[in-house]
Each structure stands twice: as C-alpha cells, then as structure tokens.
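Novice: The structure under discussion is supplied below as structure tokens; questions concerning it will follow.
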Amino acid sequence: MTAAPADAARARATPAPPPAEGRLLREAIRRGRGPAALVLAATALGAAAAVTLPLALGRAVDLLIARADAGSWVLLCTALIATEVATDALVARTGGRTGAATTAWLRRRALAGFLAAPPAATTGTGLPTRLTANALDAGTAPVAAATAAAAGLAPLGGLAGLFLVDPWAGAAFVCGVPLLLLILRALLRDGRAALTTYQEEQGRMARLLTGALSGAATIAAAGTVRAEERRVLAPLAGMRAAGERTWRVQGRAAGLSGALMPLLVAAVLAVGGVRLVAGHLTPGDLLALSRYAVLAAGAGALAGALNGWVRAKAGTARVETVTALPPTPHGTRDLPPHGDGTLALHGVHVTRDGVPLLDSVTLTLPGGTTTALVGPSGSGKSLLAAVAGRLTDPDQGTVLLDGTDLRTLSADTLRHAVAYAFERPALFGATIADAVACGPLPEPDLRRALRRAAADTFTDRLPHGPRTPLPEAPLSGGELQRLGLARAFTRPTRLLILDDATSSLDTVTAHLVARALTDTPGTRLTITHRLTTAAQSDQVVWLDGGRIRGTGPHSVLWRDPAYRAVFGAGAGGDAGAGADTVTDTGARRRSDVRTDVTGDVRTELPTDMRTDIHTGIRTDPRVDTGTGAVE
C-alpha cells in the first residue's frame, strides 16, 4: 500500500511564508484589548479630573479670599482628587493582571511553536531567555500601548488650561515644546536599538550558561572551570556596552526633560506674576496657572511611558522569532490497520549548511525484525534515526512505514506509531512515574514497562517507589537510560528506535533489555556500539560517511576488516562464539553469544551496490573500503 499522490503532494507542499514582523505584537494587543481599553478609559478619566482640578482650586481660593461660600467648590476638589487616586489604583491593578495573563499566553505560544518546529530549525533560538525576560517585557504590551496613548492627555490638557487662563502664560510654555519633542524622538530612536542589542547579548550568555551547566561534570573533571567562566561571561562586554548606551539615552532624556520642565514652569509663573500685578489675573488664576504648568510639564513623563512601549516591542520581537518558526507539516492519514511495521527509506538525502550528511540512503527494515545501525562517530547514525521516525525530514527521498509516507500521517498517528529512547533522555514531570508515563497510564502498565527496562530493580528501592519526586531520586547514567527505555515500552508501537539508548547499561542489564526487545512487537532499529547487540540483531546496517557501506547479518559483515574496526577489533577477529568482549567492569572475557544469524533477511539496496564474491558482503563501490571515504 503506497501513499496517495494527492496526500504526498500536500505533504511536500512549500511551507507557508513566515508571518509578517510585528504580527505577534498585534495579536498580544488584540488579546488584551479589553483591559487595555479599561486602562485607557481610567487614564483618560484621571487626566480629565487632573485638568479640571486647577480650575476648581482657583475658583475656591478666589471665593475664600472674598469671604464667599466656597463649600461646593471644595467638595468638587475633594471628588476630583478621589477620582485621580481611584483611577491610578485601577490602572495599577488592571495592568498587573493583564501583564501576567499576556505573559503566560506568550510563553505558551513560544513553547508550542518551539515544540512544533523541526529540531533543526530550533537550534540557537535561546528559548530560556525568550520565555523569561523577553516574554515578561512583551507581556506589558497591551497596557504599555494604552498607557503610551493616554500619557499625553494630561500634558495636553494642562497646556490647554494655560491658554484658557492666560494666553501669554501659555505662549511662554510653548517656547520650550520643540526641544521637548526632540528629546522624546531621540529616546524612541536610540533607546530601542540599544535595548535590542542588550537583549540579544543576554540571550547569547543564557545559551552559553545552559550548555556549561549541562556539562558541569565534564568541566570539573577537565579542570577548565576558569576557561568556561571566561567563555560564558564573554557576552558581558557587549551587554555592558548596550546597557550603558541604554542608560545614557534614558538618562540624557530624563536629565534634559528634568531641567527643561522646571524652567518652563518658572517662565509661566513669572509671566503669571506680572499679569497678576497688572490686575489681569486673580490669585486663584495664578494658582490654576501653577497647577496647569505642572501638568503641562508632565510631558516629560511621556519618556517613561514611551520607554515602556519600546521595551514591550523589543521583547515581543524576540519572542516572535520562536512563535514564527515554521511548524512541521502533518497530513491526515492513518496507518493500515494490520501493518507489521515495515520501514522503507528510498533515496534519502539530508544536507546541513551545504554538507551532505546522508547521501542516497535506501534501506528496508522488515516488519518485526531488529536492525542494528553501526558506524564510526559522525557517520550519520543519529540523523538516520531521526529521519526514520520523522523527527526531521529528508531534503530528498521518502520514508514509508507500512507503505505510507510519514509526511502524510497525522501527528497523533505518527507519535503513537513510533517510539524513541535516547542516550541522554530528559525526564519531565513531578515524579518518576510521571516522567515514564507521559500521560495517563494504568499502574499495571507502568510496572510492566519498568520491569521490561530492568528499572524496577532501583525504583522499588526509592522512598516512594515510582512515585518518588524526581528531585529526590538521584540517578546514574544507566538508571536514567533505563527510565528512558521504560518510557518507550509504555505503549505498543510499530517502530521502536533506540538511539544509543543502552550505552550506559552494564552487561547483565543490557542482556535483560535485549531480551525484552526481542519480545517487543513491531520493528526495532537500534544504534549501537556493542558487539553483542549487533550480533544478536536480525540484520546490521553499516553506515559510513553518510552512506550505507554494507547491509547483512553481523556474521557476514564481520569478514570485512573495516567492519571489525568499527568495534575496535583486529584483523583476526572472530564474529562467532568465542569473540573477545570487554565487560563494563573492564575485565576481558569470552563471549558466548552466537552470531551466525540464520534465515534470509529481506533488504533493499541501491542498484549500484555490489557483492564481493569472496565474502558475500553487499557494499557501496563509491566508499573506499580502506578509509571509508566516499568517492
């Protein structure tokens, strides 16, 4: 059964172009438009109260001087002041709640985009920094936009009030407005550039620190702590330069506006005093002028509001680099109901940065069999395993599971049909059971999976068994691998891929796991450096330089000295009973593993493969048998 042409065409369709820059910012503002509108309305109401208050105060003062009844005006002043306080409290509360909700939404979006993208596209994204500091800044976007939009209402109202009370006082203030606008323009232009640079350097240092922490034991053992400190802290110079530039821009804007505003207020009061002496203004008018001058001088507060908006935009742009990652496209098809897990790769080619890592790989793994994938480091084994289960897509070629192109399968079908176990599995969840189950799992199934992976021998000794919290369960490398294997054993799959997932197991445990694998339904593909694992497999695929150099039973491939060299064996090695192996304790012993695999193994090799009539080994003539180089 093969994939339908229409399905294959849809699966190979060119991915949609990335969203336009700024789309995430617009989505964030749209999601928070309700609270943002409330903030805008509350700010406008507070500004209206602030603009009305000087007139009311001036009228009350004039009446009190004239010994007239000013009770109603005093009450009005009290109500206006209470309105200002209430609106400020409402803005603070709404802004905090909206920022938290928007930040959580952005983090979920970024994490979903990261997990949906092919692994090759997520390299170097600096996810931790984007999910923490950058998302926190971006979460303020709805309120920052409303605050920036409303920040000019009170200053404009104050300026209008100046002209309303006395046009000459208003004109004195206006003389300094062009200089204020230049200050704000410089803040917007230079502040964003400096802040973006700072965030980029911050993300770079976070990536370096994450890598160093994951290899802390290696660093300590190698005695390179000081060198790693210098490497991790290298971005500090760039952060310092960008931070100093940011503070210089903000400090210059704050200093200039801070010096300009008092001068403008003094000019207004001087003009007002002259007008008062000339009899054109009352004492209450002069009080109103002083209050309006302070409000108009609040245009300097625009710098703070605009700076918050700049930070929100820069943070959103950083988060958007993750949310805009192109997702892995999936189809809608299901697998045939009674397939045996046959996996076929046809003409698979993968290139990274212009370098071919897999070259014309054609291979069949018959259903229900175990295939060992061997080869020197860097030969492309892990990449081939990733292609086999569609953790990444080939640039050319197809991968079929039970005759169905993996690219046409739905995401749920694919992930339920293929299971992985890795050399360094990551555990997620509160307890060991959560990490193994990865979702709802009956207790008997959990116990069975742990037993098959030989993990129950140490989990049962923990204080709370499999329900022990992960932080309270220190694990060795072998125990971690056994939990990863147990996770792969939790459900039946058609294809089980082990990416060097038994490398840290001792000999006895590896034998127990191998026996459990034999009883596992479906097809097994295991990357291995163990001689015994290759010997016990139904077929061995020998990968070298991204090409298949040979395919067949281990006992046949063993006749080639270059194949024996993969396992560190000499020219006189013996693949049969009695081959020397080294145990995990370092003792050399004679293996009693029988390697003369019998029975025909179905394989599909490229047409340019040849058979050596003396050894019976199928090899690629383009691979030099002495060096492994591709001609």
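Novice: For the range 491-543 and the range 24-47, what is the separation of their Cα centres, given in Å?
Specialist: Centre-to-centre distance over Cα atoms comes out at 58 Å.
Novice: Calculate, in nm to one decimal, what Arg424 and Asp460 gain on full extension: separation in residues at 0.36 nm each, minus their alpha carbon distance.
Specialist: Length gained, Arg424 through Asp460: 10.8 nm.
Novice: Also, quick follow-up: Under a crude label model (7 Å from the Cα following the beta-carbon direction), how far is Arg448 from Gln396 in nanometres?
Specialist: For Arg448 paired with Gln396, the spin-label model returns 4.5 nm.
Novice: Rounded to whole Å and sorted largest first, what semi-axes of the equivalent ellipsoid does the C-alpha gyration tensor of the range 53-119 yield via the square root of 5 times each eigenvalue?
Specialist: After scaling each eigenvalue by five and taking roots: 54, 9, 5 Å.
Novice: Right, here's the next one. Keeping all protein chains in position, work out how much accessible area Phe489 exposes to a 1.4 Å probe, and write it in Å² to the nearest 10.
Specialist: 20
Novice: Related question: Quote the charge dipole size of the range 203-242 about the Cα centre in Debye, to the nearest 20; the model charges only the Cβ of Lys and Arg (+1) and of Asp and Glu (-1).
Specialist: Value, rounded to 20: 140 debye.
Novice: Which of the peptides 436-449, 387-400 is most tightly packed, and how do the rest follow, judged by the mean count of other Cβ atoms within 10 Å per residue? Present the calculation step by step, with values, prior to reporting the outcome.
Specialist: Details: 436-449: 14.9, 387-400: 19.4.
Per-residue mean Cβ counts within 10 Å order the peptides as 387-400, 436-449.
Novice: Sticking with this one: Label the range 259-396 by shape, choosing from rounded, prolate and oblate, from the square roots a ≥ b ≥ c of the eigenvalues of the Cα gyration tensor; if a/c is under 1.5 it is rounded, and otherwise prolate applies when a/b is larger than b/c, oblate when it is not.
Specialist: In terms of gyration-tensor shape, prolate.
Novice: As a test of reading the structure, rank Asp353, Asp538 by solvent-accessible area (1.4 Å probe, protein chains only), most first. If you can, show how the numbers build up before the last one.
Specialist: Values: Asp353 160, Asp538 55 Å².
Final ranking, largest accessible area leading: Asp353, Asp538.
Novice: How far is the Cα center of the range 212-246 from the Cα center of the range 56-128, in Å?
Specialist: Using only Cα atoms to place each centre, the spacing works out to 39 Å.
Novice: Give me the net charge for the shell around Leu131: Cβ to Cβ below 15 angstrom, other residues only, Lys and Arg +1, Asp and Glu -1. Let's see the in-between values first.
Specialist: Values: positive: Arg107, Arg108, Arg109, Arg130, Arg207, Arg318; negative: Asp137, Glu320.
It works out to a net charge of +4.
Novice: Sticking with this structure for a sec: Excluding Leu335 itself, calculate the net charge of residues whose Cβ lies under 10 Å from the Cβ of Leu335, where each Lys or Arg counts +1 and each Asp or Glu counts -1. Walk me through the intermediate numbers first.
Specialist: On the way: positive: Arg333, Arg494; negative: Asp334, Asp402.
Its environment carries a net charge of 0.
Novice: Give me the net charge of Leu427's neighbourhood, meaning all other residues with Cβ under 9 Å from the Cβ of Leu427; Lys, Arg count +1, Asp, Glu -1.
Specialist: 0
Novice: Let me ask something additional. Can you give the accessible area of Arg452 in Å² (nearest 10), computed on protein heavy atoms with a 1.4 Å probe?
Specialist: 60
Novice: Another one. Probe radius 1.4 Å, ligands and nucleic acids left out: which of Ser360, Ser537, Ser410 has the largest accessible area, and how do the rest follow?
Specialist: Ranking Ser360, Ser537, Ser410 by accessible area, largest first, yields Ser360, Ser410, Ser537.
Novice: Beta carbons within 10 angstrom, averaged per residue: use that to sort the peptides 215-225, 193-203, 263-273, highest first.
Specialist: Details: 215-225: 11.5, 193-203: 19.8, 263-273: 18.1.
Result, highest mean Cβ count within 10 Å first: 193-203, 263-273, 215-225.
Novice: Summarise the accessible area of the range 514-566 (1.4 Å probe, protein heavy atoms) by the percent that is carbon and sulfur.
Specialist: 51
Novice: Next question, about the same structure. For the pair Ala217/Ala82, report the inter-label distance in nm, with labels modelled 7 Å from Cα in the Cβ direction.
Specialist: Those two pseudo-labels are separated by 6.7 nm.
Novice: With the Cα gyration tensor of the range 331-463 giving a ≥ b ≥ c as the square roots of its eigenvalues, does the rule (a/c under 1.5 for rounded; else a/b larger than b/c for prolate; else oblate) give rounded, prolate or oblate? Before the final figure, lay out the partial values.
Specialist: Values: a/c = 2.15, a/b = 1.61, b/c = 1.34.
Verdict is prolate for the range 331-463.
Novice: Separation between the Ala68 and Ala100 pseudo-spin-labels, each 7 Å from Cα along Cα→Cβ, expressed in nm?
Specialist: Each label point lies 7 Å from its Cα, and together they span 5.1 nm.
Novice: Still on this structure, please answer the following. Tabulate in residue order the Karplus-calculated ³J(HN,Hα) for the range 457-463, using 6.51 cos²θ - 1.76 cosθ + 1.60 with θ = phi - 60°, rounded to whole Hz; enter x for Gly and Pro.
Specialist: So the J values, rounded to whole Hz, are 5, 10, 5, 5, 8, 6, x.
Novice: Still on this structure, I have one more. With a Förster radius of 35 Å, plug the Cβ-Cβ distance of Arg467 and Arg352 into 1/(1 + (r/R0)^6) and report the FRET value to the nearest 0.05.
Specialist: Working: r = 42 Å, r/R0 = 1.20.
About 0.25, to the nearest 0.05.
The values are calculated or read from the model by the stated rules, or taken from the named source; none is laboratory data. Just so you know, these numbers come straight off a predicted model, no measurement behind them. With ideal geometry, Cβ positions are generated from the backbone for all residues, glycine too; neighbour counts draw on all protein chains shown. Please note that ligands, DNA and RNA were not included when accessible areas were found on the heavy atoms of the full protein model with its side chains. Shrake-Rupley method; radii C 1.70, N 1.55, O 1.52, S 1.80 Å.
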